[in-house]
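Shown next, in structure tokens, is the structure this report addresses.
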Amino acid sequence: MYDSPKRIRDISMLQTFRGTHDHLPDVAVRYDYIIKVAQHWAGLYGYNLVSTPIFEYADVFSRTLGDTSDIVTKEMFVFEDRHGDKLVLRPEGTAGLMRCLLSNGLMHQLPQKYFYAGPMFRYERPQKGRTRQFHQIGVEFMGEASPLSDGEAITLAWDVLGALGLKNKVALHINSLGDTESRQAYRGLLVEYFSDFKSELSPDSQERLLKNPLRILDSKDPKDQALVAKAPSLEGSLNNLSKDFFARVLESLDLLKIPYSINPRLVRGLDYYCHTAFEFVTDTLGAQSAVLAGGRYDRLALMMGHKEPIPSIGWAAGIERLELMLDQPVLGARPLSLIPIGEAAERKVLGLAHDLRLSNISVVMAPSGNLKSRMKYANKVNAQAVLILGEDELQKGTAVLKELDNGNQQEIPLSQIKDALKRLS
Ligand code: ATP
Ligand code: MG
């Protein structure tokens, strides 16, 4: 009826899958902190929390990110369900959110500002700061064409990084991909340039040359990179409208004194981007330099079959990478630990704990073991204080409150516990 122990070992029941991790409380509290900080700041900018399914029809991503993008060619977790529907564990947030906007008819109520946080999945080689299930926070400002919205979205990113204490560890790189006309012109120049070196390009880039030459600029292959270094730069192909748009975005950053450098090789690997592309990079994470990245994606709605473009801008940041960079310790709420001694106290303790929790006080019970082990437990859960309910004190209607940081101890009437706790914090 049951699998034998040997079979259970065979299927690695006690291991997480390669590139996925449990988040034990000491890490989970840091993830939660990052999300809360980002959500708070996004709220100050008028972004509303949304969430979309973790898996979607594969088309949502494969038809929008580009069929030569790294994500679509090699990183998606694709599977068929029992009915043969082709599904994918979402590799990123933007395409799913545009799908959400369109399928809920929200394109009639633009603009919309969304904040999200959650897991993403990419089949990659795991390394420090690179996992197969990873987590992102992100924002999407949909239905706004003004370069002011690009400036605002980048400012929000800067504020989130600042609130996390990371401003000194990141640098903002920015570029303009231009509008469709500019990109077409640039594409022509690139094809001309790379065609001369076709046989020297990596096999991937030879294919990109046919399908999407811009993506060669994104290649991580050293041979490609040497050729890329001498390729014509995108800037020369920008038409006036695109130049003007980019200038307005940079002006916003200047006005707010947000430092940046223009990186003409920054193209971002996805098909739906245009105009602004940016990345906050760091040199503190070894091979993984991108922490937060985003751009404008006016054409994404068209690619999803909508009859007109929905101009939009957004970004996403990897929580794993932010967490690795975070210097400050993040501590959970410090509870009060209740230690009942004897049956009368045990009878009292549940009601007392419940009453305190109703008053918004975090309470952890330590109902069994000797006093020493219960004190040890109180320290382990980082309690601020313990309340010892002994037989003698209970008869008098009191208990002993002991602060763990300084050892101060006092006997207090049970009716005054809440006030006494308030005085501690
Ligand atoms: P990279 O160049 O490092 O592969 P990317 O360009 O693929 O990054 P995006 O698609 O722009 O990354 O995703 C935004 C952010 O999500 C990245 O800046 C990074 O912080 C994070 N991220 C992306 N892939 C992973 C991953 N496999 N593991 C952990 N974080 C990731
Ligand atoms: Mg990647």
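The values are calculated or read from the model by the stated rules, or taken from the named source; none is laboratory data. Computed from a predicted structure; not experimentally measured. Positions of Cβ are backbone-derived with ideal geometry, glycine not excepted, and every protein chain shown enters the neighbour counts. The protein model used for the area step is the full one, side chains on, heavy atoms only, and it has no ligands, DNA or RNA in it. Shrake-Rupley method; radii C 1.70, N 1.55, O 1.52, S 1.80 Å.
All of Val291, Val249 fail the test of being assigned to a helix (DSSP H, G or I), open to solvent by less than 10 Å² (accessible area, probe 1.4 Å) and assigned by TED's automatic domain parsing to the domain that holds Phe61, apart from Val249. Identify, please: which residue in the range 114-138 is of a type in the set (D, E, K, R) and open to solvent by 40 Å² or more (accessible area, probe 1.4 Å) and is, among those, farthest from ligand 2 (Cβ to nearest atom)? Across the range 114-138, the extreme among qualifying residues is Lys128.
Out of Asp254, Asp327, Asp271, Asp283, which single residue is open to solvent by 30 Å² or more (accessible area, probe 1.4 Å), within 16 Å of ligand 2 (Cβ to nearest atom) and of a type in the set (D, E, K, R)?
Asp271
Only one entry of Val72, Val50 meets the criterion of being assigned by TED's automatic domain parsing to the domain that holds Gln136, open to solvent by 20 Å² or more (accessible area, probe 1.4 Å) and within 16 Å of ligand 2 (Cβ to nearest atom), and that entry is Val72. Contact map, the range 195-224: residues that are in a loop (DSSP other than H, G, I, E, B) paired with residues that are open to solvent by 100 Å² or more (accessible area, probe 1.4 Å), Cβ distance under 8 Å, separation 6+ or inter-chain. Pairs shown: Leu201/Lys223; Ser202/Lys223.
Among residues of the range 113-125 that are closer than 7 Å to Gln136 by Cα and within 13 Å of ligand 1 (Cβ to nearest atom), those with a Cβ under 6 angstrom from a residue that is open to solvent by 10 Å² or more (accessible area, probe 1.4 Å) and among the β-branched types (Val, Ile, Thr), sequence gap 6+ or separate chain, pair up as Ala117/Ile35.
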